[in-house]
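Chemist: Mind having a look at this structure? Questions to follow.
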Amino acid sequence: NERKLVDNVAGLASIHCQVNLCIVDDGYQQYWGDWGMIKEDRFPNGMKSLATKISAAGCRPGLWLAPFACDKRSLLARRHPEWIIRNERGVPANSANCGKFFYGLDATRPEVREHATR
């Protein structure tokens, strides 16, 4: 969550640890695929505020994501079911991320690639 990240970055800076990159890992988003939908209970001040605090501590802020995968409950999957890779029977394919089932997005589609760059 936001408080832990800010505390960790400040703690590293206080001991002059030469960390120059701080990545916010999985769990900040509502669902895989909904990368812009932040869990406000974990990040009440938003990502811009967090990035500013990370930068102020001398680190470069970063954000983890998996742009070609989405959760079946995601807004992305509901809005763009045509983007989901399917097998020959029409069943959604697993993107094979971290041992869990997430839909794989069809990167051969220009609109999927465009979405990944936003």
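Chemist: Please compute the modelled spin-label separation between GLN18 and ASN87, points set 7 Å along Cα→Cβ, answer in nm with one decimal.
Modeler: That separation, rounded to one decimal, is 5.0 nm.
Chemist: Next question, about the same structure. Output the antiparallel fraction of DSSP beta bridges having both residues in the chain, as a percent to the nearest 5.
Modeler: Details: 6 of 10 bridges.
The answer is about 60 percent antiparallel.
Chemist: Tell me, what % of the accessible area of the chain is carbon and sulfur with a 1.4 angstrom probe?
Modeler: On the way: 3980 of 7630 Å².
Carbon and sulfur: 52 percent of the exposed surface of the chain.
Chemist: Quick one: Karplus J couplings for segment 46-63, per residue in order, coefficients 6.51, -1.76, 1.60, θ = phi - 60°, nearest Hz, x for Gly and Pro?
Modeler: Result, rounded to whole Hz: x, 6, 4, 4, 5, 4, 5, 5, 5, 4, 4, 8, x, 10, 8, x, x, 9.
Chemist: Whole number please: convex hull volume per residue of the Cα set in the chain, in Å³? Show your work: numbers first, answer last.
Modeler: Working: hull volume 13.9 nm³, N = 118.
Measuring per residue, one finds 118 Å³ for the Cα hull of the chain.
Chemist: What pairs from LYS48/LYS72; LYS4/LYS100; LYS4/LYS53; LYS39/LYS72; LYS4/LYS72 go past 24 Å between their alpha carbons? Don't skip to the answer; put the middle values down first.
Modeler: On the way: LYS48/LYS72 28 Å; LYS4/LYS100 26 Å; LYS4/LYS53 12 Å; LYS39/LYS72 18 Å; LYS4/LYS72 29 Å.
Listed pairs above 24 Å: LYS48/LYS72; LYS4/LYS100; LYS4/LYS72.
Chemist: At 7 Å along Cα-to-Cβ for each site, give me the label-to-label distance between THR108 and ASP26 in nm.
Modeler: 2.7 nm
Chemist: For VAL24, which sequence-distant residues (separation of 5 or more, or a different chain) have an amide H within less than 5 Å of its own amide H, given hydrogens modelled in the peptide plane?
Modeler: Amide H neighbours of VAL24, under 5 Å, 5+ apart: GLY62, LEU63, TRP64.
Chemist: Return the sequence-ordered ³J(HN,Hα) values of segment 7-23 in whole Hz as given by the Karplus equation 6.51 cos²θ - 1.76 cosθ + 1.60 applied to θ = phi - 60°, using x for Gly and Pro.
Modeler: For segment 7-23, the Karplus-derived couplings read 4, 5, 5, 5, x, 5, 5, 5, 9, 6, 6, 8, 9, 10, 9, 10, 9 Hz, x marking Gly and Pro.
Chemist: Of the GluC sites (Glu not before Pro) in segment 1-87, which ones lie in a loop per DSSP and count no more than 16 other C-beta atoms within 10 Å? If you can, show how the numbers build up before the last one.
Modeler: On the way: sites: GLU2, GLU40, GLU82; in loops: GLU40.
Qualifying residues, ordered by number: GLU40.
Chemist: Going by amide H atoms built from the backbone, whose H comes under 5 Å of the H on ARG86, apart from near neighbours?
Modeler: Residues meeting the amide H criterion: ALA93.
Chemist: Could you report the chain's accessible area per residue, 1.4 Å probe, as an integer in Å²?
Modeler: Accessible area per residue, the chain: 65 Å².
The values are calculated or read from the model by the stated rules, or taken from the named source; none is laboratory data. Given the structure is predicted, the values throughout are model-derived calculations rather than measurements. A quick note on method: Cβ atoms are made from the backbone with ideal geometry, for glycine too, and the neighbour counts reach across all protein chains shown. Ligands, DNA and RNA are excluded from the accessible area calculation, which covers all protein heavy atoms including side chains. Shrake-Rupley method; radii C 1.70, N 1.55, O 1.52, S 1.80 Å.
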